[in-house]
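These notes concern the structure reproduced below.
The values are calculated or read from the model by the stated rules, or taken from the named source; none is laboratory data. On a predicted model such as this, the values are computed, not experimentally measured, just so you know. With ideal geometry, Cβ positions are generated from the backbone for all residues, glycine too; neighbour counts draw on all protein chains shown. Heavy atoms of the whole protein, side chains included, go into the accessibility calculation; ligands, DNA and RNA do not. Shrake-Rupley method; radii C 1.70, N 1.55, O 1.52, S 1.80 Å.
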Amino acid sequence: IKNELESITTLVWTSPLSDDSASQTYNTMLDMIRSCNNTITIIGYAVWGDAKDIDCNEPQIKNIFDELSQKIIDKKTVELFFDQDKNFSTLKNNIKKMWTEGVPLPKLYAFQRKQEFSSLHAKVILIDDFEILVTSANMTGRAITRNVELGIRTKGTVAKNVRLLLNRLKNSGFFMEESW
């Protein structure tokens, strides 16, 4: 079991240093998105942070959104889960600005606060309910190019369990589909 887990689990990081024992966050995100056969689910807290970040030259995030747009063109499902806070309209606008023009926008779900001071703070990419990246990195240029961020990429049952949890949260009213 240990050998099997080691063969399907890798360390992912953003760091100013390179290391053979870890994959870079940006490259891992692109690799995972490109490998999708059916469904890409991204659970996040921030996209580009605040509006001033859009003025920065961060082509990596635009590249990620171009790849997501291509998956929609290829008839794959792309769904985004984010926290519905006071900046939710800014987040939606940031996504629209980065999305490929003329391509239908992805499904968007907003976390509904059921308790005071609760929020969605997870950062996850789930591919085909089989592969998952759990990371400290937001979907911002700084998080995938300059910060020190850590994550784990793995395959198997844990990814299926994330889907089950998301479905339970949606069915319980913690996530509501949003219109664009």
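What to note about this one:
- Percentage relative contact order, region 109-180, counting C-alpha pairs under 8 Å, at least six apart: 38
- Counting only DSSP beta bridges with both residues in the chain, the antiparallel share comes to about 60 percent.
- Trypsin sites (Lys or Arg not before Pro) restricted to DSSP loop in region 97-172 with at most 10 other C-beta within 10 Å: LYS114
- Region 51-147: C-alpha gyration tensor shape, a/c 1.5 cut-off, then a/b vs b/c: rounded
- In region 68-137, the GluC sites (Glu not before Pro) that fall in loop regions by DSSP, at most 12 other Cβ within 10 Å: GLU101, GLU116
- Accessible area (Å², per residue) of region 61-101, counting only protein heavy atoms and a probe of 1.4 Å: 47
- Convex hull of alpha carbon positions in the chain: directionally averaged projected area 10.9 nm².
- Dividing the summed helix terms, -39500 (n - 2.57) for each DSSP H run of n ≥ 4, by the number of residues in the chain produces a 222 nm estimate of -10500 deg cm²/dmol to the nearest 500.
- Net charge dipole, region 123-177: roughly 120 debye, given to the nearest 20, about the Cα centre with Cβ charges of +1 for Lys and Arg and -1 for Asp and Glu.
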